[in-house]
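Reading through the structure tokens given below for one structure.
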Amino acid sequence: QVQLVESGGGLVQAGDSLRLSCAASGRTRLTYTMSWFRQAPGKEREFVAAINSWSGGNTYYTDSVKGRFTISRDNAKNTVYLQMNSLEPEDTAVYYCAMKYGSISGVVNEYNVWGQGTQVTVSS
């Protein structure tokens, strides 16, 4: 059974940076995708970024964060990171780490392992 634990959220001002971490524990298959989603109050959960586990570490981002956010992984630590730069008030949300087996996808329902979430608040 895989478990995911997020950390690194907080309250920052617009233009600041944060780095989120997602530590995975338990046994996983060799090929999986790790992603970050976020959910703002009153809105549906939305895809933010994804990275796969195999060589090359292909990444994919939603348009609103391209050029500002970077997803990366440390396979030795079973940890995925989300570096968030130039944060905007619109980035305020609970950020969730999630895992699925197989290729990258931005579809919420394809992910079967979720972390508890970490709050990111960006003030203007």
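The values are calculated or read from the model by the stated rules, or taken from the named source; none is laboratory data. Nothing here was measured: the structure is a model prediction, and the numbers come from that model. Every residue, glycine among them, receives a Cβ derived from its backbone with ideal geometry; neighbour counts consider all protein chains shown. The protein model used for the area step is the full one, side chains on, heavy atoms only, and it has no ligands, DNA or RNA in it. Shrake-Rupley method; radii C 1.70, N 1.55, O 1.52, S 1.80 Å.
General remarks:
- If you go through the stretch 1-53 and pick out every residue that is aromatic (Phe, Trp, Tyr) and touching a Leu at 6+ places or on another chain (Cβ under 9 Å), you end up with 1.
- Verdict on Thr59 being among the polar types (S, T, N, Q), over 19 Å from Ser7 (Cα atoms), open to solvent by less than 70 Å² (accessible area, probe 1.4 Å) and within 14 Å of the chain's Cα centre (by Cα): yes
- Only residues that are closer than 15 Å to Phe37 by Cβ and open to solvent by 60 Å² or more (accessible area, probe 1.4 Å) were counted in the stretch 64-79, giving 1.
- Selection count, the stretch 80-89, where residues are in a loop (DSSP other than H, G, I, E, B) and open to solvent by less than 40 Å² (accessible area, probe 1.4 Å): 1
- Number of residues in the stretch 34-56 that are out of contact with any helix residue (DSSP H, G or I) (no Cβ under 9 Å at 6 or more places or on another chain), hydroxyl-bearing (Ser, Thr, Tyr) and surrounded by 13 or more Cβ atoms within 10 Å (Cβ to Cβ) equals 1.
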